[in-house]
Amino acid sequence: MRKTIIVFTLLLVARILPAVEGMWVPIFLEKLNADEMKAMGMRITTDDIYHFEKASLKDAVVIFGGGCTGEMISSKGLLLTNHHCGYGQIQSHSSVENDLLTKGFWAKDASEELKNPGLTATFIRLMEDVTDAVLDGEATTAENIKAVKEQYETQYEGWTFEIKPFFYGNQYIIIGKEIFKDVRLVGAPPSAIGKYGSDTDNWMWPRHTGDFAMFRVYAGADNSPADYSEDNVPYQPKKHLTINAGGVNEGDFAMVFGFPGSTQQYLPAREVEYITEVYNPERIEVRDVLLSNLDQRMRASDEVRIKYAAKYARIANAWKKWRGENIGIRESKGVQRKKDLEFEFRRRLLSNPELNSTYGYVIDSLNHYYASLVPYARVRNYYIEVGIQGVEALRTIREIIIATRTFESGEIDEEAFMMQIGKRIASLKKDYAAEADQEALATIMPLYIKRLGELTPQRIVDIDRSNNGDWAAIAEKGFNDKFFQNHLMDFDESGKAKKFIKALKKSVLFDIAEALMDNYTDIVAPNFARLQNAINKHQKTYMAGLMVVFPEKRFYPDANFPLRVSYGKVEGFAPVDAVEYHWQTTDTGILEKYIPGDYEFDLPEDFLALLENEEFGRYANESGRLPVCFISSNHTTGGNSGSPALDADGYLIGLNFDRAWEGTMSDLNYDIERCRNIMVDARYILWVVETLGGVGYLIDEMDVVGFD
Ligand code: ARG
Ligand code: ASP
């Protein structure tokens, strides 16, 4: 009886403890979070999560490629990440005849795995607080950083070290990494599963996407990182995750362990206004145009669809996030909440003259600098959106111009020059439809000029005037002249540099690219950097001030990519009046969304049959349904894709891949009421691998618990 009472109260405490905002640094968990995590239900210790010497969960989590998370799920280096994280690789093995994006791919054994040059899996082996050494006044911060890094590099041979500022430079942490370079594709479901709902459902709950893919990390014979070689063997990780197929339930403790890229929780209200009222709308508008052009072309041609699949998804992803962010900030009164905080900050300072003299000015100064930054930030955004992301030819020509300048100044010889630009051009042509690019130039330049008004670079104004603002004609000329057609599209590496450069300088695209670039590098970038420097200094002071003025608050550093832990619980949410979201989705919803022949919601026949037969076996939930996705209140951001969602025992229950639309403003202003991260249920992953993939050997090599 007594025992039950204790258990009951414990449960009650676990239930009523509110979920927690924040992405926490693994090495400080014991100090800052351990008690709370235990009270919320966690049964492992913080040493099980991160321990320098002992194999711990940190040894099972990797940076996948440049910007995602992945995790080890077998003793043979099997790596789980998102379909959208491995998308570029899956696409690179695809062609119209053998379209792995559409069909999916499953290696029947190791010999069928596909290599991916350039792809890496990075383990974090060490994190240490080196603030005192870095901020030691004897030398500059930069000198200290260099010295500390060198010291670690000699001590731990073979690891790569990086020192990162936390809390805007109020704290420094060194990170020791081990980078594996032979990572092979093992399996991916068809896009109809891995990207089900595509861009319509992206950033949305309820979700029915099986956003996962599997790779394998290979090592040299000694189990250390090695370049790709047929002789490499599957890497044996220090730790791999156990998978819990026993299922998740509402209210369960859940944590996400991964690599959140960047957040800006400590901006002044003023800057949040600029972001949501100026920068986001302008970037959204440019992408509206690009995306609608591309959408039409991709629907009309399979070839264009395959070539542009990854590019389209990338452009659409941020575009949609910014839209959600704007709505979220507005509806959650994010700016007002920041203003309230600033008011309280100032109010408390007023009663303490000493602190007031240190921090009292800082919000006003920040506001001043952020206001001065606006014109430069706007031109910079447009430069990135138009000259670098929007029109691919302009980006390539910009790179060619840079190479040309180094050639003309004698820094590189003709052979090196032709080789360099040959590489650039090859990468442009790889997945390229020149007609689409021409259309992009024709449609976004008028917008650029209209919106930037007098901030438009003079040379662009001149081009515009001398062509009566007819950008369709300008683009037509640019994409059909001798330079573009003969020298660029038909590049000959053994040709003469002089001839190439002569044609280049006569082309319209060169004029545009050079005008945008010079305006940016000569005028915008120096001012932007100067102001950003001042801002960084003041953000550092503001951050320190917040910590002093609100001693009762527990602060977490903004995301900056190194390993973080977010914890919370599995729970639904009610973002707006009369709408309440359930925490779990099932197979039922996949069929509800099914639209035969549609490019986002079609389903392959074999998969459809499996769903219709309801053969869910040991993967079904209590109601006999196949669990697909679930949400929880874990604070995550871009980079957390592919992160493991772990239960109270540290077992894998899901795979993080997205956030719900209503809460995408979490990067600027987290709100526990409406911010939810979205995960694929581990059972759905296993079911797809087993039934559709037919690669049971993969399940056999995993440690799965929870089947009853
Ligand atoms: N929104 C998720 C993240 O930010 C998933 C993106 C990939 N999916 C897509 N349909 N574009 O990365
Ligand atoms: N989808 C994101 C990623 O790729 C995750 C997020 O922004 O929530 O990292």
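Here are a few things to note about the model shown:
- Protection-proxy order for peptides 324-330, 312-318, each taking the mean of Cβ atoms within 10 Å per residue, highest first: 324-330, 312-318
- Straight-line cross-link reach from Lys38 at under 15 Å between alpha-carbon atoms covers these aspartates and glutamates, not counting any fewer than eight positions away in the same chain: Glu30, Asp47, Asp48, Asp252, Asp647, Asp649.
- Label point 7 Å beyond Cα of Glu408 along Cβ direction - residues of the stretch 481-503 with amide nitrogen under 16 Å: 497-503
- Working note: Karplus 6.51/-1.76/1.60 with θ = phi - 60° gives the stretch 61-69 the couplings 10, 10, 7, 9, x, x, x, 10, 10 Hz, where Gly and Pro are set to x.
- Entry note, the stretch 609-703: relative contact order of 28 percent, from Cα contacts under 8 Å with a spacing of 6+ residues.
- The stretch 283-386, relative contact order in percent, only Cα pairs under 8 angstrom and at least six apart counted: 32
- In percent, rounded to a whole number, the relative contact order of the chain is 24, using alpha-carbon pairs under 8 Å and six or more apart.
- Amide H contacts for Tyr172 (H built 1.01 Å from N in the peptide plane; partners 5 or more residues away or on another chain; cut-off under 5 Å): Val130, Thr131, Phe166.
- Projected label points at Val289 and Ala371, each 7 Å from Cα along the beta carbon direction, are separated by 3.1 nanometres.
- Residue (of Pro526, Ala475, Val549) at the positive-pole extreme of the stretch 418-556, dipole from beta-carbon charges: Val549
- Farthest towards the positive end of the charge dipole of the chain, among the residues Ile174, Phe212, Gln155, is the Cα of Ile174, using unit charges on the Cβ of Lys, Arg, Asp and Glu.
- Taking the stretch 611-634 and a reference point 7 angstrom along Cα→Cβ of Thr691, the backbone N atoms nearer than 11 Å belong to 611-621, 625-627.
- Cα Rg over Rh - the stretch 256-325, Kirkwood: 1.11
- Centre separation in Å (Cα based) which lies between the stretch 323-348 and the stretch 589-664: 33
- Computed from the C-beta positions of Tyr361 and Thr140, the FRET efficiency with R₀ = 35 Å rounds to 0.90.
- Gyration tensor verdict on the stretch 504-585 (Cα atoms; rounded if a/c is under 1.5, prolate if a/b is larger than b/c, oblate otherwise): oblate
- Cut-off 14 Å between beta-carbons: net charge of the residues surrounding Tyr383, Lys and Arg +1, Asp and Glu -1: +2
- Percent of Cα pairs exceeding the 47 Å cut-off, where the set is the chain: 20
- Max-minus-min Cα coordinates of the stretch 405-462 on each principal axis give 42, 30, 13 Å, with the largest extent listed first.
- A simple rule links phi to the HN-Hα coupling: the Karplus curve 6.51 cos²θ - 1.76 cosθ + 1.60 with θ = phi - 60°, which for the stretch 316-324 gives 5, 5, 5, 4, 6, 4, 4, 5, x Hz, with x for Gly and Pro.
Coordinate-derived values only; no laboratory data. Not measured: the values here are computed from a predicted model. All Cβ positions, glycine included, derive from the backbone under ideal geometry; neighbour counts span all protein chains shown.
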